[in-house]
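The values are calculated or read from the model by the stated rules, or taken from the named source; none is laboratory data. Quick caveat, the model's predicted, so the values are computed rather than measured. Heads up, the Cβs are rebuilt from the backbone with ideal geometry, glycines too, and the neighbour counts pull from every protein chain shown. The area values use the complete protein model at the heavy-atom level, side chains included, leaving out ligands, DNA and RNA. Shrake-Rupley method; radii C 1.70, N 1.55, O 1.52, S 1.80 Å.
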Amino acid sequence: MRRAALIFNPNAGRGGRSRLIALERGANVLLRHGVEVEIVATCGPGTAGDQAAEAAKKGADPIFACGGDGTLHEVIQGLAHHPTATVGIVPLGSANALARHLGLSLNPSEAVRQQLSFTAHLIPLGRVTCEIPGGPHSRYFAVMAGAGPDGMLVYRVLADGKQRLGRSIYFLRAAQLFLSSRFSTFRVCGTRDNRSPLDRDVVSAMAIRVGDLGGLFSPLARGASPTDDTLQLTLTTPPSHLALPAWFATSWTRTPRWNPYTEHLRVVDFRCSGAKPRVHVQADGEWIGTTPMHVELIPNALRLLMPAAR
């Protein structure tokens, strides 16, 4: 590594000054190892991808997404399929699900130090296509994407400002929403990894790319990896007022065999449709639109710094 860029959102999270100090300390780790560093503040919502692509054009490699899973989500929009640029992570967010999966310290300086010995791995990315007012659009994702309660959660909570709520309050709001609301039923169709068809009525569909989502969601779905060549899909069938509490209760008590409503599958791709009203869709904890939704896996899409053994 000879030149690196650290991209961060100055308006994300809390404690803006302390976050900047943490970034400067991470930059100092790189400088002490002979790496030229540029700290890049995003210009506004949705600009991180273009700014990451511009940094790569100027020769920066790796490019560190400094923040949470949402900042990483924005950065990979600009670096997916880039032939040389590699993505690293400086965890400064709430969940930091991919950083935790990679075994990164939540201390930014230590996380940077760890990645000095990581190697670039070419991994698949999920791609979700859904509806916005202007028509269909697509986004890549590295952690998870889903339709149903998780989409409604980010639609409601992020509208209030997740950075102002804090992680504990965010999880409390999530629990209240999941356990007290009734959600629309929609249709999921797709192809399993053994090429057999999938066709279900569900209230929730979540595609997951990490081994542990963390926090309140930690036991709900485990075992996925960003290097998997299939999607781990978790489906929850109606009625939602029984299925969602059962999912949480049996997951936390490690008794999933007693839950008739939740199924974990491996799929090649899947589609969600038929909900009235349309169901909210999220990717990497960011609201991105509504159903109908199509999720697929794109091979060899991103160069990611990872431990050599992974």
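Normalised by the residues of region 1-59, what does the relative contact order come to in percent, with Cα pairs under 8 Å and at least six apart?
50
On C-alpha positions alone, give me the angle between the axis of helix 149-160 and the longest principal axis of the chain, in degrees, nearest 10.
Taking the Cα atoms of the chain, the angle to 149-160 is about 50 degrees.
Angle check, please: helix 240-252 long axis (alpha carbons) against the longest principal axis of the chain (alpha carbons), in degrees 0 to 90, nearest 10.
50
Whenever you get a sec, compute what percent of the accessible area on the chain sits on carbon and sulfur atoms (1.4 Å probe).
Accessible surface attributable to carbon and sulfur in the chain totals 51 percent.
Most fluctuating residue of LEU172, LEU98, LEU265 in a GNM of the chain with Cα springs under 10 Å: which is it?
LEU172
Could you quote the convex hull projected area for the chain, Cα atoms only and averaged over all directions, in nm²?
Over every viewing direction, the Cα hull of the chain projects on average to 15.2 nm².
How long is the gain from THR253 to ARG2 if the chain were fully straight, where each residue apart is worth 0.36 nm and the alpha carbon distance is subtracted?
On the way: separation 251, 0.36 × 251 = 90.36 nm, distance 4.83 nm.
85.5 nm is the gain from fully extending THR253 to ARG2.
Within a Cβ distance under 13 Å of SER240, other residues only, what is the Lys/Arg minus Asp/Glu net charge?
Computed value for this residue: -1.
Label-point separation (nm) for LEU242 and ARG187, each offset 7 Å from Cα along Cα-to-Cβ?
Calculated label separation equals 2.4 nm.
If you average the alpha carbon positions of region 262-310 and of region 1-76, how far apart do those two centres end up, in angstrom?
25
How many Å² of accessible area per residue for the chain, probe 1.4 Å? Could you put the intermediate results ahead of the total?
On the way: 13410 Å² over 310 residues.
Value returned for the chain: 43 Å² of accessible area per residue.
Taking amide H positions as placed in the peptide plane 1.01 Å from N, state which residues far from ILE89 in sequence (5 or more) or on other chains have amide H under 5 Å from it.
So ILE89 has HN proximity to ALA65.
Just to confirm the number: angle between the C-alpha axis of helix 69-79 and the first principal axis of the chain, 0 to 90 degrees, nearest 10?
That helix lies at roughly 70 degrees to the long axis.
Pick from ILE123, ILE21, ILE39: which residue has the top mean-square fluctuation in a GNM of the chain where Cα pairs under 10 Å get a spring?
Greatest mean-square fluctuation among the candidates belongs to ILE21.
Quick one: among ASP69, ASP229, ASP199, which has the greatest mean-square fluctuation in a GNM of the chain with alpha-carbon springs under 10 angstrom?
Of ASP69, ASP229, ASP199, the Gaussian network model singles out ASP199 as fluctuating most.
Rounded to the nearest 0.05, what FRET efficiency is calculated for ASP199 and ASP50 with R0 set to 35 Å and r the Cβ-Cβ distance?
0.35
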